[in-house]
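The values are calculated or read from the model by the stated rules, or taken from the named source; none is laboratory data. Quantities reported herein were computed from a predicted structural model and do not represent experimental measurements. All Cβ positions, even for glycine, are placed from backbone atoms using ideal geometry, and neighbour counts span all protein chains on display.
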Amino acid sequence: MATTVRPEQQATPSPSAPPQQQAAPAGAQGAASPPPAGKPRNKLVIAGVAVAVVIALIWGIRTWTYSRAHESTDDAQVDGHLVPVLAKVGGYVTRVNGDENTHVNEGDTVVVIDDSDYKALLAQAVANLAAAQAGVGARGYTGQAAAQVQTAQGEGAAADAQIVAAQANYDKAVADLQRTRQLADQQIVSRQQLDAAQATADADRATLLASQKQAAAAGATVTNAQAGVRFAQARLASAQAQEQEAALNESYTRVTAPVSGILSRKQVELGQLMQAGQTMFTIVADTGVWITANYKETQMDDIRVGQQVEFEVDAYGSCTFHGRVESIAAATGAKFALLPPDNATGNFTKVVQRIPVRIRPTDPPNANCVLRPGMSVDTHIETKK
C-alpha cells in the first residue's frame, strides 16, 4: 500500500546546513539530544575532593606533630580549697549573717549561738580564779598559803632560839652539878644541895629535849606550809586554765569565717540547735584554684615539673587557659581509694593506672571565664619543644 506524503510533512532543508543534516529524516531530527554538560561538574567535584584531601592531610600532620610534643587527657577537673565552717560549741542559733553564694571576708561573723550558759560558766571560772589568786598571793598580795609559811618559819625560828636558851641553861646546870658534887665530896655542902643541883640539871636537860622536839615540829610545819603554797599555785594554774577555757567557749558562740571566699552548702537556720562539730557552711576559698589531671602511667615518661600547659574548660568553649605543671603525685589515684585494688588476690587483670598531676594556672583571672572547682577540663602538657 502506497503512503502519501503530505507537503506540510516534508522537511525543508536549510540552505546553510551540511549535507549530512539536510539528508537526515525529519523523525531523526526530533529525537536528537543536546550536547553533554557533565564535564564541568566533574571538575568541581574533583577540585573539592582535592581540597578536602589537602585539608585533611594538613590537619593530620599538625595533629601528629602536636601529639608528639604534647601529652593530653580529658580526665581532669578544677580543684580548690573547700573550707568547712564548724560549730565549736553547741547551742541555739540566734543570728545568721551569711547566705548561700555570698562573699565573706576572713574574720566576719557568720553565725551567732546563744551565749547565756557560757557567760555563766565564765563568771564562775573568774570567781574560782580570784579565790585561787587569794590563796597563793597573786597580784602582789600575801596569800593564805604564803602567810602560813611565814608563820611556820617564825615558829621554827622561835623554837631554835628556845633550843639555844635551853642548851645554855643545861650547860650551866651541868657545870653547877659538877662543882656541887666536888664540894659534897669534901663535905662542904650538904647532900640536899647536891640533890637540888642534880634535879636542876635534869630539868634543864628535859627542857632542851623539849625545845629540840618543838623545833623539829616547827620544821615539819614549815614543810607542810611550803607544800600548801605549791598546792595553791597548782590550784591557781588550774583556775587560770578553766577561766581561759570558759572565755574561749564564750567566744566560740560567735562563729567567724576562717578564710575569705564564697559561702556554699548552707546547713544552718535561725533557731536551729547546733552540736559541737556540726557543719554549718562550706567556704570556697579565694586562695586560688588548680587543675588535677589524671594522666595514664604510660604518658608519664616525658612529664616534668615546670612544663607549660594549655587547657580548655568544657563550660567555656571560647577560652583557652595556660598553666604549668606544679607537682606530680607520689602514688596512683587507686592507692588512695576507699578500697584499693590488691593484685595479690583473685585473678590478675592488668589495668593502666592514672597518676594525678597538679597544674597551676598562670593566666590572670578572667571575669568571663571563672574557674570553679569541679569543672571538667582537657589538658595538654608540652613535653617537647
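Points to keep in mind about this one:
- Against the list (1) touching a residue at least 40 places away in the same chain (Cβ under 8 Å); (2) surrounded by fewer than 18 Cβ atoms within 10 Å (Cβ to Cβ), the condition A334 fails is (1).
- All of (1) under 22 Å from A165 (Cβ atoms); (2) modelled with pLDDT of 75 or more; (3) of a type in the set (S, T, N, Q) hold for T253 with one exception: (1).
- Failed criterion for V112 (all others in (1) more than 23 Å from P373 (Cβ to Cβ); (2) of a type outside the set (S, T, N, Q); (3) touching a Phe, Trp or Tyr at 6+ places or on another chain (Cβ under 7 Å) hold): (3)
- When region 67-88 is filtered for residues that are acidic (D, E) and either in contact with a helix residue (DSSP H, G or I) (Cβ under 9 Å, 6 or more places away or on another chain) or not in a strand (DSSP E or B) (or both), only E71 remains.
Matching residues to (1) more than 15 Å from L270 (Cβ to Cβ); (2) in the same structural domain as Y295 (by TED's automatic domain parsing); (3) without any contact (Cβ under 8 Å) to a residue 24 or more places away in the chain:
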{"position": "T63", "(1), (2), (3)": "yes, no, yes"}
{"position": "A76", "(1), (2), (3)": "yes, yes, no"}
{"position": "A87", "(1), (2), (3)": "no, no, no"}
{"position": "V93", "(1), (2), (3)": "no, no, no"}
{"position": "N101", "(1), (2), (3)": "yes, no, no"}
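- Residue that is farthest from V78 (Cα to Cα) [pool: residues in region 337-364 that are among the β-branched types (V, I, T) and without any contact (Cβ under 8 Å) to a residue 60 or more places away in the chain]: T345
- Here H322 fulfils each of the conditions (1) out of contact with any strand residue (DSSP E or B) (no Cβ under 9 Å at 6 or more places or on another chain); (2) modelled with pLDDT of 90 or more apart from (1).
- Scanning region 266-300 for residues that are over 30 Å from I113 (Cβ atoms) and either touching a strand residue (DSSP E or B) at 6+ places or on another chain (Cβ under 9 Å) or surrounded by 13 or more Cβ atoms within 10 Å (Cβ to Cβ) (or both) turns up G288, V289, W290, I291, T292, A293, N294, Y295, K296, E297, Q299, M300.
- Residues within region 111-137 that are over 37 Å from the mean Cα position of the chain (by Cα) and more than 16 Å from Q244 (Cα to Cα), tallied: 4
- In region 343-381, of all residues being out of contact with any Phe, Trp or Tyr (no Cβ under 8 Å at 6 or more places or on another chain) and hydroxyl-bearing (S, T, Y), the one that is farthest from S327 (Cα to Cα) corresponds to T345.
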